[in-house]
Amino acid sequence: MDRKIRVLVAKPGLDGHDRGAKVVASALRDAGMEVIYTGLHQTPEGIVEAAVQEDVDVVGLSVLSGAHMTLFPRIVELLREAGVEGMLIIGGGIIPADDHEFLREKGVEKVFTPGAPTSEIVDYIRSWFEKRKTV
Amino acid sequence: MDLIKRFRKGDRLALARAITLVENGMQEGRDLLDAVHPQTGKARRIGITGPPGAGKSTLVDGLIQSYRKAGQSVGVVAVDPTSPFTGGALLGDRIRMQSRWADRRVFVRSMATRGSWGGLAAAAADVIELLDAFGKDVVIAETVGVGQSEFDVVDAVHTTIVVIVPESGDSIQVMKAGLMEIADIFVVNKADREGAGDMETGLGAMLDMRDREEDWRPPVLQTVATSGEGMPTLIDALAQHREYLAKESRIEEWERKAVRARIVSLVHEELRAGFWKQGRQARLEQLVGEVLARERTPGDAAQALFSPA
Amino acid sequence: MFDSEEIKRISGQKKRWQKDLPDCSAAGPFETVSGAPVEFLCTPEDVRELDYTRDLGFPGMYPYTRGAYGTMYRGRQWTMRQFSGFGSAADTNRRFHFLLEKGQTGLSTAFDMPTIMGFDSDHARSLGEVGKCGVAIDSLEDMETLFRGIPLDRVSTSMTINAPAAILLALYIAVGEKQGVPSARLQGTIQNDILKEYMAQKSWIFPPGPSMRIITDILAFCTEHVPKWNTISISGYHIREAGSTALQELAFTLADGFAYVEAGIAAGLDVDDFAPRLSHFFNAHLDFFEEIAKYRAARRIWARHMKEKYGAKKPESLRLRFHTQTAGCSLTAQQPENNIVRTAFEALSAVLGGTQSLHTNSMDETLALPSEKAVTIALRTQQIIASETGVANTVDPLAGSYLLESLTSRLEQGAEEYFRKIESLGGVIAALEKGFFQTEISRAAYRYQLAIEKKARIVVGVNEYVQPDENLDIDLLEIDRCVEEDQVKRLKVLRERRDNGAVGQSLEALRSAAGGSDNMMPRFLDCARCYATEGEIIDVLREEFGEYKDPKFF
Ligand SMILES: Nc1nc2c(ncn2[C@@H]2O[C@H](COP(=O)(O)OP(=O)(O)OP(=O)(O)O)[C@@H](O)[C@H]2O)c(=O)[nH]1
Ligand SMILES: [Mg+2]
């Protein structure tokens, strides 16, 4: 059987702008992935627990309230503490370019900003997945 | 093997990975299932099914809370359909099961039905086995009652709860959907809406009319899953069904039936997988064309698939 | 407006004219930004049903299609109201003074997410969010700072706040008391539109039942004590931002408005007592004519329903007044300066549609909070429209355009269809519970995104005319981390300094009002006056009312 890519699409923080998260979730589903959607207003701890139990390959985080600099690193840190390895963490939202480098250092592999076509996200995940399979 | 050791030690990452392996039909997963088989058979297994949006996940959340209050650990597998067009799935049951997200003794796993060539029966039942072997006191399986999937898990659980809502139409439709046969407990959820009473009465009458001799008449309960109303009654009904099964060696009967069903479904799985492997999918496409051209009948085509190409 | 003979003649002529034209359909599809089909050429045929007196009338007169007021912009220009708020109350207070000096005529406050969601700045859930996308308000102390040096009897203040709207209003009234301004003289708006939160913006706290009760408490209280206050700003803005079409924005917003009217009537209020203080808030997206038609249709639908269905009599109850904000979702992160142009066109459509107040977005809003330079340009855009283009000289200047009138009627009919659908689902709240609006909106959003990705729709700088090695040369506003730390410190001091006995008592009094059926507004005011924090007040209500959870509709 074809191995499915499992993705957790999560909205940490307090903002309710889920348009982007839902569009991305729909696009990933249409690209044949299994998408676990956590709903709005999740705590970092709750997201990490979901990622662990669902054994996802990818965690996609979306924040539009400007709290990404606190929330994203916190989630990566909690994932590491939980003993998770080899999971791809990506982020999206209103994230100034100046913050991308910092987030990458903290373990958020890639940041997609508004206007990024969903196909770019799909391709990114697929090629990461292929690469991981071969190592 | 390292994974088995970690699984036995109660490492939830190991459980999560084990489920992935089993779900993907990997040999490692099979081995693990075999290895932990002696530890299975202890969990209380509950199935919950019903039409989309009936409130199944919200009810499961209520069950989780009730069983946790009683000190029992809970494992959940929630199954949602895979899109037949894209092979992808949106799994959203977790959203409603998060009131105990910080509780390490609760484990929730979402699962997609995957392709029709896959067979949910085996995979979901396997996940139930894993949660059981992991030591969960209660294992709950949620499935959507639209396709065949709900019938698939019935054999793997002790008690099946069928959830309907006042908007589900009348009781005749419920009967037609085949839910009468599988329900051990009926729940009319969203009882805060109009028509719940009518639904309850209609179902009750329908159940009383059944001419089958039986000593368990499925109770019909009303709940409001969002507020928790009716939850204690549901827990009671579950306990009663459990007691009923415990008497007169019914549980042994159930186990025989469950194991038999599992073996049969594994055989079917094996046959199916083996059958479609040997270039037969391509042959199928070819035969479809021939049937369309009226050169063959469908029955003829099926026979042709059995004989070597 | 034309007799049927004439229409027939024109129709024949049109067919003949069309016959000789080359086929251009390959250049299409031609549809609005909402995906609605667009006519190539409109003629009297397209407005054959239109009856001037019945459907258009005169500005300030039923059915108000042509404008809410008789004199429109000659009598009073629209209010230029730039939404702002960030960091601490002191930071935003400075921005307020800056905007007033630049000629802005009303204030509009954005709150940070913890304030919007009812958490104090020192709550665990507030971590990283304090002062980020709006100003952080925890108690009356912050509110006093926010309006320092701004006489509340002379400005009108709009507050974008929903679930905790009653509390922010109470804080505002309490600031007024401190300035010696009685509540009867306060002017402004609270958004207070919880239904669109469940639909689109998703900043909810309580379930719909208790939320609606808070709203009717506000309606009753303001009718008596704050008569100049706009009690609900019935908002389509966020519905559109969440991805809806123009028609959905129109229909869902008005459906929400009617739901509030029904709730008010059910609570025993006279419709003509509270309806005059309801206002609306729409989005201005890029599809120029569709947007203008939307505003005109909104006025007509509102007037007709208010009069015919709810029996309202006062002109103030029938006339739909609205605020407009240009579409944040139409802005691009790529080549952000282009956003100035987009915003200008959008603003123009709002003015041609007869808006009462307007916010123009800053070019850098998809990148971060707007900088002062960007905010100034956005405000100047409005000033240029008002003073240089001349479009405000004639009321409803596009009336009578075959295209515009047919679009207006089509939107009205489409909205009526949606109303019937909502009715058949059991009304707005029942339809919400079934996920009707949420699903409609997310599907429209997804369709829009796919259209862009397939290039069926061109967005300049995004999927066409792309500048590959673009180097952003825009100064962004950054919120200092110490805003959060300072706010938390201030809050700690406040909790020690205030009269905690009085706080406890006022919270308990609120609890019993919430548990019973007394109007809660006076209790909110008492809590505000003794410096109870927003989070403390909301916590009492959370315990009494429960919390709403994301119903995950796609
Ligand atoms: N009014 C009311 N709404 C309810 C009740 N139970 C659940 N709901 C709502 O019904 C919607 C669906 O609930 P879920 O628990 O996700 O239903 P489900 O059967 O698991 O749905 P699927 O897994 O998508 O088939 C949610 O918005 C719930 O809040 C109830 O008793 N009364
Ligand atoms: Mg469910």
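Readers should treat all values here as calculations from the given coordinates under stated rules, not as data from a laboratory. Remember, it's a predicted structure, so these values are computed and weren't measured experimentally. Glycine gets a Cβ as well: all are built from the backbone with ideal geometry, and neighbour counts include every protein chain shown.
Worth pointing out:
- Entry note: region C:502-554 has Rg to Rh equal to 1.10, where both radii use alpha-carbon atoms and Rh is the Kirkwood radius.
- Against chain C, whose longest principal axis is taken from its Cα atoms, helix C:436-453 shows a tilt of about 60°.
- Note on region C:69-179: with charges restricted to the Cβ of Lys and Arg (+1) and Asp and Glu (-1), its dipole about the Cα centre is near 700 debye.
- Taking N as the residue count of the protein assembly as shown, its C-alpha radius of gyration divided by 2.2 N^0.38 Å amounts to 1.01.
- Descending principal axes extents, chain C, alpha-carbon based, whole Å: 85, 60, 46
- Under the combined filter of DSSP loop state and at most 16 neighbouring Cβ atoms within 10 Å, region B:17-91 retains these trypsin sites (Lys or Arg not before Pro): B:Lys42.
- Spin-label model, C:Lys455/C:His225: points 7 Å from Cα along the beta carbon direction are separated by 6.2 nm.
- Helix-only [θ]222 nm of chain C, DSSP H runs n ≥ 4, -39500 (n - 2.57) each, per residue, nearest 500: -14500 deg cm²/dmol
- Chymotrypsin sites (Phe, Trp or Tyr not before Pro) restricted to DSSP loop in region C:18-121 with at most 12 other C-beta within 10 Å: C:Phe30, C:Phe40
- For the protein assembly as shown, with +1 on Lys and Arg beta carbons and -1 on Asp and Glu, the positive-most of C:Leu348, C:Pro336, C:Val375 along the dipole: C:Leu348
- Residue order for B:Ser83, C:Ser317, C:Ser244, A:Ser127, fewest other beta carbons within 10 angstrom first, comes to A:Ser127, B:Ser83, C:Ser317, C:Ser244.
- Magnitude of the charge dipole for the protein assembly as shown, about its Cα centre and with charges confined to Cβ atoms of Lys, Arg (+1) and Asp, Glu (-1), is about 480 debye.
- Taking the Cα centre of chain B as reference, the dipole from Cβ charges on Lys and Arg (+1) and Asp and Glu (-1) amounts to some 1200 debye.
- Hydrodynamic radius by Kirkwood, which averages 1/r over all alpha carbon pairs of region B:40-248, in angstrom: 17.3 Å
- Among the DSSP helices (H) of chain B, none spans at least 27 angstrom by Cα along its long axis with an average Kyte-Doolittle hydropathy of 1.0 or more; this is a geometric and hydropathy rule only.
- Kirkwood hydrodynamic radius (C-alpha pairs) into Stokes-Einstein, region C:269-394, 20 °C and 1.002 mPa s, D in µm²/s: 137 µm²/s
- Taking the C-alpha atoms only, the angle from helix C:165-179 to the longest principal axis of chain C is near 60 degrees.
- Calculated on C-alpha atoms, the gyration radius of region A:6-134 divided by its Kirkwood radius gives an Rg/Rh of 0.92.
- Taking the convex hull of Cα positions in region C:87-200, its mean projected area over all directions (nm²): 7.2 nm²
- Rounded to the nearest 10 degrees, the angle from helix C:89-101 to the longest Cα principal axis of chain C is 40 degrees.
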